[in-house]
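Here's the structure we're looking at; comments come further down.
The values are calculated or read from the model by the stated rules, or taken from the named source; none is laboratory data. Note that the structure is a prediction, hence the values are computed from the model and not measured. So basically every Cβ, Gly included, is an ideal-geometry build from the backbone, and we count neighbours across all protein chains shown. Only protein heavy atoms, including side chains, enter the accessible area calculation; ligands, DNA and RNA are left aside. Shrake-Rupley method; radii C 1.70, N 1.55, O 1.52, S 1.80 Å.
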Amino acid sequence: MNPTAASTQTFRAIDVIRKKRDAGELSRDEITSLVNAYTRGDIPDYQVSAWLMAVVLRGMTRAETAALTDAMLRSGEVLDLSSLSAKKVDKHSTGGVGDKTSLVLAPLAAAAGVAVPMISGRGLGHTGGTLDKLEAVPGFNVNLPVAQFRRVLESCGCAMIGQTAEIAPADRKLYALRDVTGTVESPYLICASIMSKKLAEGIDALVLDVKTGSGAFMKSEEDAAFLAELMVETGERMGKQVVALITDMDQPLGCMIGNALEVVEVVDILRGEGPEDLRRLCLELAGWMLHLGGVSATVAKGKKRSEKLISSGKALDKFRQMVELQGGDPRVIDDPKKLPQAQHTMTVSSPMGGYLTSLQCEQIGTACVVLGGGRERKEDSVDPAVGIVLHKKVGDTVSAGEPLATIHYNGATRAARARQLLEESYQIADSPARERRPLIHRMIGRA
Ligand code: URA
């Protein structure tokens, strides 16, 4: 019998729970045994819940975090994409409001010759999800089996799907348990959850967009930087190139929030139009993807090349190709009216003139969820047509009665609730805010 088998045989969940409860450091074997036993269904939810809470309260060392990530990663299939000659690079955001950068970046980086195998998530809490946005395109299939995912990736250089049963199944089980046991908010558990899924994609490099501000899960820059450092170090331990940008989520990104509306804004950006903040962040993240993907010598050159791929129409063509290959209707790109449209719109106007000094970003995300653009309960379906278009952002001047936002809605009761949340989100003052928050706070990792 080999030593791993012997230690698995003597493994008792209660010993591991007690050790973490008493602030001990778990060995790689103990963590692997716990994850494997739980994935197989050999230990009950109540024991793993107790262990998760001990982790939330006691934390983990870097070695424990890496061991947990590794065990979760190996609980399922790890894609082998070595047959593709291009470097495989993905981007992951920790989640925000109006954050549609993934839909821009996958085709943009693919147009530059980087392979982008992207496995994304659905909306979580007040934040939107890439899969829900993609599904706003009629026919778009985010549930491709791995073999088909690989075929799309091979023929167009990018493919975007949801987590399958084969990839990191331990995370699926653990995430569902964390969601109902108050154990989501641990940087160690968030790191292992995100990195296990991303590393299972068979990537060479990863660009992380860690959000901070009132619409992010990590409200303070300090907490965002801690999580970013943990994820960068964990990825590097596993031999991957990882950089993280800490970026602002104190107001929504871009002007459109809601699934179909966000696809419209994605197409605008890929046409060289669209709001300045979204365009700037997309170019920065693309610059990093191209640099780590080995097709641009520097990030600055990667940004320049990305601008050219947008102005030449090549990035938009790549998006069209991916939409078509995944079963979506590519006509939405030239005719956005073919995307789902809400039946009604309603304007929210400014009660006074002045300067817009802040937007309560989480509340704006919640307003979109209330309209039906996200889920209030797990089993809810999402209305792709509803959402909010912002006409003013922080720093803008506004006059009394001028439109601040337009609500796209399908139900009057939902619209009234969303309107109230929106009205409460705006802070308008006689003078501008003293400090403007930067869009990109800082970079963590080795350039
Ligand atoms: N997203 C994930 O995939 N996992 C977490 O734990 C938090 C956000």
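Of the listed requirements (1) under 23 Å from the mean Cα position of the chain (by Cα); (2) of a type outside the set (Gly, Ala, Ser); (3) surrounded by fewer than 19 Cβ atoms within 10 Å (Cβ to Cβ), Leu371 misses just one: (3). The residue that is nearest to the ligand (Cβ to nearest atom), among those in segment 124-165 that are crowded, with 23+ Cβ neighbours inside 10 Å and in a strand (DSSP E or B), is Thr127. Residue-level check: of (1) over 26 Å from Gly374 (Cα atoms); (2) in contact with a helix residue (DSSP H, G or I) (Cβ under 6 Å, 6 or more places away or on another chain); (3) away from the ligand (no atom under 16 Å from the Cβ), Glu262 misses just (1). Of the helices (runs of 4 or more DSSP H) lying entirely inside segment 26-111, those carrying at least 3 residues that are in the same structural domain as Ala159 (by TED's automatic domain parsing) and surrounded by 21 or more Cβ atoms within 10 Å (Cβ to Cβ) are 101-111.
Among the residues making up segment 375-419, a single one is farther than 25 Å from Thr357 by Cα, at pLDDT 95 or above, surrounded by 14 or more Cβ atoms within 10 Å (Cβ to Cβ) and among the β-branched types (Val, Ile, Thr): Val386. Taking (1) more than 16 Å from the ligand (Cβ to nearest atom); (2) in contact with a His (Cβ under 8 Å, 6 or more places away or on another chain) in turn, Ala110 satisfies each apart from (2). If the condition is being over 20 Å from Asp248 (Cβ atoms) and within 11 Å of the ligand (Cβ to nearest atom), then segment 190-222 contributes Cys191, Ala192, Ser193, Met195, Ser196, Lys197, Lys198. Going by the structure shown, is Gly121 open to solvent by 10 Å² or more (accessible area, probe 1.4 Å), within 16 Å of the ligand (Cβ to nearest atom), on the phi > 0 side of the Ramachandran plot and not polar (S, T, N, Q)? No, not satisfied. Kindly establish whether Asp248 is touching a strand residue (DSSP E or B) at 6+ places or on another chain (Cβ under 9 Å) and open to solvent by less than 40 Å² (accessible area, probe 1.4 Å). The answer is yes for Asp248. If you go through segment 165-216 and keep only what is of a type in the set (Val, Ile, Thr) and touching a residue at least 60 places away in the same chain (Cβ under 8 Å), you end up with Ile167, Thr181, Thr183, Ile190, Ile194, Ile203, Val207, Val210, Thr212. Out of segment 101-149, which residues are polar (S, T, N, Q) and free of Cβ contacts under 8 Å to residues at least 24 places away in the same chain? The answer is Asn143, Gln148.
For Glu324, the conditions (1) within 25 Å of the chain's Cα centre (by Cα); (2) within 26 Å of Asp383 (Cα to Cα); (3) open to solvent by less than 60 Å² (accessible area, probe 1.4 Å) all hold with the exception of (3).
In segment 223-235, which residues are open to solvent by 20 Å² or more (accessible area, probe 1.4 Å) and over 24 Å from Ile364 (Cβ atoms)? Phe226, Glu229, Glu233, listed by residue number.
Looking only at residues of segment 171-189 that are in a helix (DSSP H, G or I) and open to solvent by 30 Å² or more (accessible area, probe 1.4 Å), we find that the one that is farthest from the ligand (Cβ to nearest atom) is Lys173. Of the residues making up segment 275-316, those that are open to solvent by 40 Å² or more (accessible area, probe 1.4 Å) and outside any helix (DSSP H, G or I) number 5. When each of Gln427, Gln341 is tested for being touching a helix residue (DSSP H, G or I) at 6+ places or on another chain (Cβ under 8 Å), open to solvent by 20 Å² or more (accessible area, probe 1.4 Å) and outside any helix (DSSP H, G or I), the lone residue that passes is Gln341.
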